[in-house]
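Visitor: Before I ask anything, let me first share the structure, which is written out below as structure tokens.
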Amino acid sequence: MGKKKQPTYRVVASDARAPRNGRFIEAVGTYEPRAEPSRILIDGDKALRWLRNGAQPTETVEKLLKITGTWDEFKATTPS
């Protein structure tokens with residue numbers, strides 16, 4: 001997404017068997033790295049629902065979730 005030299009990324013829940021830029025199940029948020037400061041808009045409720053259902057985030061998405069605090073909330077509610 002975005003335009004030339006101004007990328008915008010979608011944070012999505014997708015099936016691991018789908019192509020990288022293929023179909024996704026649900027959009028969870030967006031990330032705009034070129035904004036000052038970087039803009040991270042993630043729907044915490046959707047993200048938590050997917051994480052609790054077994055979704056495995058990529059390293060980059062996990063970092064974004066840590067920045068927004070959603071990852072800490074997920075780890076706090078996960079039984080050890």
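The values are calculated or read from the model by the stated rules, or taken from the named source; none is laboratory data. None of these values were measured; they are calculated from a predicted model. Note that we place each Cβ from the backbone using ideal geometry, even for glycine, and neighbour counts take in every protein chain shown.
Visitor: Ile42 fails exactly one of the following numbered conditions: (1) free of Cβ contacts under 8 Å to residues at least 24 places away in the same chain; (2) in contact with a helix residue (DSSP H, G or I) (Cβ under 6 Å, 6 or more places away or on another chain); (3) of a type outside the set (D, E, K, R). What is the number of that condition?
Guide: For Ile42, the failing item is (1).
Visitor: How many residues are among the aliphatic types (A, V, I, L, M), modelled with pLDDT of 90 or more and either exposed (fewer than 13 other Cβ atoms within 10 Å of the Cβ) or over 23 Å from Glu73 (Cα atoms) (or both) if we restrict to the range 26-60?
Guide: Final tally of qualifying residues: 1.
Visitor: While we're looking at this one, here's another question. Given the residues Asp15, Asp45, Asp72, which is the only one that is part of a loop (DSSP other than H, G, I, E, B) and not hydroxyl-bearing (Ser, Thr, Tyr)?
Guide: Matching residue, one of Asp15, Asp45, Asp72: Asp15.
Visitor: Tell me whether the range 64-73 contains one or more residues that are of a type in the set (Lys, Arg) and modelled with pLDDT under 90.
Guide: Within the range 64-73 (the criterion being of a type in the set (Lys, Arg) and modelled with pLDDT under 90), the answer is no, since none of the residues qualifies.
Visitor: Let me ask another. Arg23 - would you say it is without any contact (Cβ under 8 Å) to a residue 60 or more places away in the chain and either in a strand (DSSP E or B) or more than 21 Å from Thr78 (Cβ to Cβ) (or both)?
Guide: So Arg23 fits the description; yes.
Visitor: Do you know which residues across the range 28-41 are among the small types (Gly, Ala, Ser) and over 13 Å from Val61 (Cα atoms)?
Guide: Ala35, Ser38
Visitor: Residues in the range 17-52 that are small (Gly, Ala, Ser) and within 24 Å of Lys5 (Cα to Cα): how many? Lay out the reasoning, then the answer.
Guide: Step one: filter the range 17-52 for residues small (Gly, Ala, Ser), giving 18, 22, 27, 29, 35, 38, 44, 47.
Those still in the list that are within 24 Å of Lys5 (Cα to Cα) too: 22, 27, 29, 35, 38.
Here the count works out to 5.
Visitor: Would you confirm whether or not the range 18-25 contains a residue that is within 14 Å of the chain's Cα centre (by Cα) and not basic (Lys, Arg)?
Guide: From the range 18-25, those within 14 Å of the chain's Cα centre (by Cα) are 24-25; that's our starting set.
Checking which are not basic (Lys, Arg) leaves us with 24-25.
The answer is yes, given that some residue of the range 18-25 is within 14 Å of the chain's Cα centre (by Cα) and not basic (Lys, Arg).
Visitor: So, in the range 48-69, how many residues would count as being touching a strand residue (DSSP E or B) at 6+ places or on another chain (Cβ under 8 Å) and either β-branched (Val, Ile, Thr) or assigned to a strand (DSSP E or B) (or both)?
Guide: Counting residues in the range 48-69 that are touching a strand residue (DSSP E or B) at 6+ places or on another chain (Cβ under 8 Å) and either β-branched (Val, Ile, Thr) or assigned to a strand (DSSP E or B) (or both) gives 3.
Visitor: Residues being farther than 20 Å from Ile67 by Cβ and either in contact with a Phe, Trp or Tyr (Cβ under 8 Å, 6 or more places away or on another chain) or among the charged types (D, E, K, R) (or both): count how many of those fall in the range 1-36. So that I can check it myself, show each step before the final result.
Guide: In the first step, residues of the range 1-36 are kept if they are farther than 20 Å from Ile67 by Cβ; the result is 3-6, 14-26.
Among the residues that remain, those that are also either in contact with a Phe, Trp or Tyr (Cβ under 8 Å, 6 or more places away or on another chain) or among the charged types (D, E, K, R) (or both) are: 3-5, 14-15, 17-18, 20, 23, 26.
Here the count works out to 10.
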